[in-house]
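**Student:** One structure coming up, written as structure tokens, with questions to follow.
None of the figures in this text is laboratory data; all of them are computed from the coordinates on show. Values in this document were obtained by computation on a predicted structure and should not be read as measured data. Virtual Cβ from ideal backbone geometry, glycine too; neighbours counted across all protein chains shown.
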Amino acid sequence: MLTQQDLYSLEHYSASRSDYKRVAVEHRRRRQIKLGQNMTLHFEDRVTVQYQIQEMLLIERTFSQQGIQDELDAYNPLIPTGTNLKATLTLEYGDPAVRAAALARLQGVEDRVYIRVEGYDPVYAIADEDLDRSTDTKTSAVHFLRFELTSDMINALSANQSSLTVGVDHAEYTHSTQVYSITVQSLIADFEQQPRLLLN
């Protein structure tokens, strides 16, 4: 969990933003997994969450302790806690009419996203614990997901004994993909010491 003491002042962050952004964006890119043409999983961690918070504070020119704490309270739940992986799921359709139709067809898709460690049963996402983003007629274009793994699954991944697959098995959208090793290695860190991105 991030605290106010972990964050950089607006002045310090602004002065080093370009270097920080370059490293943070590359880190985030390694943790993105495409699920077919229209979905992406963005696995979150301490680095991605701090980058998002620092950007929000800078853009909104937030200096007050309460404003900073509000951002921390909003984004801290996205940081893995040692037994899980957490991700933002985005449903991506450029045309508004196509997007509206797809979101209606894909109602409940957030509950059908899974990860599977080789040799174990799939782990389906626990979606939108902060608030329900779907309605009776459509899903949302953005969801926040938690995947809770057993200690055996974590050990198998950490020991490089098993591959990792990510997928979705909704009636209107089915896709699975094996996760590249560079991404698996980044995700394994979520069960250990959370990485930090330091400014000069």
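**Student:** Would you look at the GNM of the chain, springs on alpha carbons closer than 10 Å, and say which of L131, L91, L57 moves the most?
**Tutor:** L131
**Student:** Please arrange T83, T3 by counting, for each residue, the other beta carbons lying within 10 Å of its beta carbon, fewest first. Walk me through the intermediate numbers first.
**Tutor:** Values: T83 15, T3 10.
Result, fewest neighbours first: T3, T83.
**Student:** I'd like the Karplus ³J(HN,Hα) series for the stretch 57-74: coefficients 6.51, -1.76, 1.60, θ = phi - 60°, whole numbers in Hz, and an x wherever there's a Gly or Pro.
**Tutor:** Result, ordered by residue: 5, 5, 4, 8, 6, 8, 10, 6, 4, 5, x, 5, 5, 4, 5, 4, 5, 6 Hz.
**Student:** What is the extension gain from Q66 to E192, computed as 0.36 nm multiplied by their sequence separation minus the C-alpha to C-alpha distance, in nm to one decimal?
**Tutor:** Working: separation 126, 0.36 × 126 = 45.36 nm, distance 3.01 nm.
Full-extension gain reported as 42.3 nm.
**Student:** In whole Hz, with x marking every Gly and Pro, tabulate ³J(HN,Hα) for the stretch 149-163 from phi via Karplus 6.51 cos²θ - 1.76 cosθ + 1.60, θ = phi - 60°.
**Tutor:** Once θ is set to phi - 60°, the couplings for the stretch 149-163 become 9, 7, 5, 5, 5, 4, 5, 5, 5, 5, 8, 6, 9, 9, 8 Hz.
**Student:** Next question. Do any chymotrypsin sites (Phe, Trp or Tyr not before Pro) in the stretch 28-84 lie in a loop, going by DSSP, with at most 16 other beta-carbon atoms within 10 Å of their beta carbon, and if so which?
**Tutor:** Numbers: sites: F43, Y51, F63, Y75; in loops: F63.
Answer in residue order: F63.
**Student:** Another question, then. Return the distance in nm (one decimal) between the two label points of a simple spin-label model at T40 and R133, each offset 7 Å from Cα along Cα→Cβ.
**Tutor:** The answer from the label model is 1.4 nm.
**Student:** Report the calculated FRET efficiency for Q4 and S151 (r = Cβ-Cβ distance, R0 = 35 Å), to the nearest 0.05.
**Tutor:** That pair, Q4 with S151, gives E of 0.60.
**Student:** Something else: Nearest 500 deg cm²/dmol is fine: what mean residue ellipticity at 222 nm does the chain get from its DSSP H runs of n ≥ 4 alone, each adding -39,500 (n - 2.57), divided by its residue count? Mind dumping the intermediate values first?
**Tutor:** Numbers: 6 runs with 72 residues, N = 200.
Taking each H run of at least 4 residues, the total per residue is -11000 deg cm²/dmol.
**Student:** Between V142 and N76, with labels modelled 7 Å along Cα→Cβ, what's the label distance in nm to one decimal, could you check?
**Tutor:** 2.1
**Student:** Restricted to Cα positions, what overall size does the chain have along the principal axes? Three whole-Å values, descending.
**Tutor:** Sorted largest first, the three principal extents are 49, 45, 26 Å.
**Student:** Also: Which FRET efficiency value, to the nearest 0.05, do you get for Y120 and I182 by plugging their Cβ-Cβ distance into 1/(1 + (r/R0)^6) with R0 = 22 Å?
**Tutor:** On the way: r = 22 Å, r/R0 = 0.99.
Using R0 = 22 Å, I get an efficiency of 0.50.
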